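See below for the structure under consideration.
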Amino acid sequence: MSAAQPAPRRYTVDEYFALEEQSDIRHEYYHGEIFPLDDPAAKAGGTKAHNHLVQNCAFALKLGLRGRSCEVFAENVRLAVDEGQHYNYPDVVVSCDPTDDDPRIIHRPVLIVEVLSKSTEARDRGWKFEQYQQLPSLQQYVLISQNRISVDSFTRTPAGSWELRPLRQLTDTLRVPSLGLEISVADLYENMDLPPLRLADQ
C-alpha cells in the first residue's frame with residue numbers, strides 16, 4: 001500500500017503577493033494553492049509565435065484606444081479573477097474603469113485575450129473561461145491560435161449569455177463593441193506565416 005500523498009501547502013493571499021515580489025517567474029493563485037505559470041506544461045508562452053501575437057494584439061489595441069482613458073496590459077500584470085481567492089496573468093487585458101487604479105492588479109477588465117497552444121487550449125476554452133465569466137465588468141473574451149489563422153471571439157450579450165464569432169480568414173475583422181474598435185485579423189497575424197484553419201483541423 002503506497003503512502004498517502006501530503007496535502008499541498010496552502011498560502012494566504014499576502015504570502016502569495018510576497019512570493020510574486022521575489023520570484024523570477026509568475027504564479028497563478030487559486031484558493032490557497034500556487035501554480036507556476038512558467039512551467040512549460042502550464043503556460044502557452046515561450047515561442048516566437050506566442051510573443052508575436054501578444055505584441056500585435058496589444059499594439060493594435062493601444063493604437064485604437066489612443067487618447068482614451070483605457071489601459072492595455074500584456075502578460076505581466078496580475079488579474080483578480082476572484083478577489084482574495086484567484087489571481088492569474090492573462091496574455092492581454094484591457095481596463096477602462098478609472099477606479100481600477102491598483103498599481104499591480106487589474107480588478108475590472110473589459111476585454112481579455114489569451115493566445116492558445118496545444119497544451120493550454122482545453123483549459124483556456126473551458127475552466128478558465130468559466131472563471132472569467134464571473135467578472136461582471138468583462139464584456140469580451142478572445143482566443144487566438146498560434147498554429148493556424150483562427151480567432152474565436154466571445155461577447156457578452158445584454159441577456160448575460162456569450163455569443164461566439166469565429167474568424168478564420170486574414171480578411172476578417174475582430175469587432176470589440178464595448179471599446180468601439182475593429183481590428184483586422186491580418187493585423188493580429190502580422191509578420192507570421194501561418195496556414196488557414198482547415199476542415200481536418202476542426
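The values are calculated or read from the model by the stated rules, or taken from the named source; none is laboratory data. Please read these numbers as outputs of a predicted model, since none were measured by experiment. Positions of Cβ are generated from backbone atoms using ideal geometry, with glycine treated the same way; all protein chains shown enter the neighbour counts.
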Quiz item: When you scan segment 138-150, how many residues do you find that are under 13 Å from the mean Cα position of the chain (by Cα), more than 15 Å from Ser117 (Cβ to Cβ), assigned to a strand (DSSP E or B) and of a type in the set (A, V, I, L, M)?
Solution: 1
Quiz item: When both residues are 6+ apart or on different chains and their Cβ atoms are under 7 Å apart, which pairs have a first residue that lies in segment 116-133 and is under 17 Å from Leu164 (Cα atoms), and a second that is at pLDDT below 90?
Solution: Leu116/Ala44
